[in-house]
Amino acid sequence: MDTGAQEKPNYGMPRLGLPAPAFEAETTHGTIRLEDFKGSWLILFSHPADFTPVCTTEFVAFAEIAPELKKRNVQLLGLSIDSTFSHIAWVRNIEQNFGVKIPFPIIADLNKQVANLYGMIMPGESKTETSRCVFVIDPNSILRAMIYYPLTTGRNMQEILRLIDALQTTDKHGVATPANWRPGDKVIVPPPKTTEAAEERMKAGYETKDWYFSKKAL
Amino acid sequence: MPCIDASGQVSESGKKILAAMANPVTLEEVAQQTGLPLYQVRSAAREILQAKLVEEKNGVYTVTAAGRSLLEAQS
């Protein structure tokens with residue numbers, strides 16, 4: 001029965017540092033739940049639509065960095081508001097035209113359930129397509145980073161790899177990473193939180209500009 | 001690629017997972033044995049558990065008689 005009621009859009013967004021919203025979704029690899037990825041890092045990313053040019057370049061690029069991500073214990077999971085049949089046809093088309101096999105599952109989010117949970121729809125751009133979103137979820141299912149790109153602009157895979165490296169470095173060594181950091185560069189030592197610790201920091205042997213600004217090599 | 005289709009046919013990866021459960025194993029061990037990603041093993045395990053092709057106790061999975069005969073029939 002058509003009640004004439006319109007679907008109420010959800011423009012909420014998830015929050016960094018909190019558990020990533022749980023979901024169960026149909027994908028090109030079967031029914032997958034967020035919890036299935038526990039123990040590994042996950043990059044959940046959305047694209048506007050199958051069979052579109054920018055998205056095709058991105059899928060080829062994601063497939064190309066998949067081996068590097070695997071070395072870092074990271075899985076990929078795509079999403080768009082298309083059917084599994086469309087996804088299957090598109091990945092076959094990519095393999096035929098570009099010689100690249102897409103190794104990761106893609107969510108068929110026809111009812112926008114996951115897109116709404118993660119705030120992937122930007123109504124100023126499109127009410128029927130997901131924008132180019134990236135959610136980095138850690139092995140404990142905590143949302144650690146988000147990137148949002150508009151429909152017109154393909155994402156930079158090297159930045160996504162760099163972000164993973166930075167987050168994993170932070171977790172492993174308890175440090176922060178400065179602007180434009182790349183693996184091998186010096187890292188930021190967290191600033192001291194007491195005057196006593198600030199005094200000690202000046203003598204700690206780090207590369208210190210001032211009590212709050214210290215770097216070290218790993 | 002669900003591991004069991006509507007006609008009851010088990011996919012190649014589903015067969016690998018079932019075969020790995022011939023002896024009691026955890027899903028982590030299945031992922032190691034088969035080389036399949038753990039998320040895929042977990043997703044498939046739900047399906048084959050629901051289809052009663054395996055049984056689970058305390059996180060350890062074992063193929064059932066039904067699962068064994070299906071494997072034999074489809075090998």
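None of the figures in this text is laboratory data; all of them are computed from the coordinates on show. On a predicted model such as this, the values are computed, not experimentally measured, just so you know. Don't worry about glycine lacking a Cβ; one is built from the backbone with ideal geometry, like all the others, and counts go over all protein chains shown.
So for segment A:24-45 (the condition being away from chain B (no Cβ under 14 Å) and closer than 24 Å to residue A:128 by Cβ), does at least one residue qualify?
Checked segment A:24-45: at least one residue is away from chain B (no Cβ under 14 Å) and closer than 24 Å to residue A:128 by Cβ.
Cβ-Cβ distance below 6 Å, separation of 6 or more or different chains: which pairs start in segment B:57-75 with a residue that is among the charged types (D, E, K, R) and end on one that is assigned to a loop (DSSP other than H, G, I, E, B)?
Going by the 6 Å Cβ cut-off, there are no qualifying pairs.
Might you let me know whether segment B:58-71 holds any residue that is within 14 Å of another protein chain (Cβ to nearest Cβ), surrounded by fewer than 16 Cβ atoms within 10 Å (Cβ to Cβ) and under 12 Å from the mean Cα position of the chain (by Cα)?
no
Being aliphatic (A, V, I, L, M) and either surrounded by 17 or more Cβ atoms within 10 Å (Cβ to Cβ) or in a loop (DSSP other than H, G, I, E, B) (or both) is the filter here, so list the residues in segment A:158-187 that pass it.
A:160, A:161, A:163, A:164, A:166, A:167, A:175, A:179, A:187
Any residue that is in a strand (DSSP E or B) and farther than 23 Å from residue A:73 by Cα - is there at least one of those in segment B:13-21?
no
Taking the stated definitions as given, is residue B:14 at positive phi and within 13 Å of chain A (Cβ to nearest Cβ)?
no
Any residue in segment A:198-218 that is over 23 Å from residue A:181 (Cα atoms) sitting within a Cβ distance under 9 Å of a residue that is assigned to a loop (DSSP other than H, G, I, E, B) and hydroxyl-bearing (Ser, Thr, Tyr)? List the pairs, counting only those 6 or more apart or interchain.
A:198/A:212
Can you pull out the residues in segment A:78-113 that are free of Cβ contacts under 8 Å to residues at least 24 places away in the same chain and assigned to a strand (DSSP E or B)?
none
Kindly evaluate residue B:53 against the criterion of being in contact with a Leu (Cβ under 7 Å, 6 or more places away or on another chain), surrounded by 20 or more Cβ atoms within 10 Å (Cβ to Cβ), away from chain A (no Cβ under 14 Å) and more than 20 Å from residue A:37 (Cβ to Cβ).
Here the answer is yes, as residue B:53 does meet what is asked.
Have a look at A:79, A:69 and point out the one that is surrounded by 18 or more Cβ atoms within 10 Å (Cβ to Cβ) and either closer than 26 Å to residue A:11 by Cα or among the acidic types (Asp, Glu) (or both).
Only one candidate passes the filter, namely A:79.
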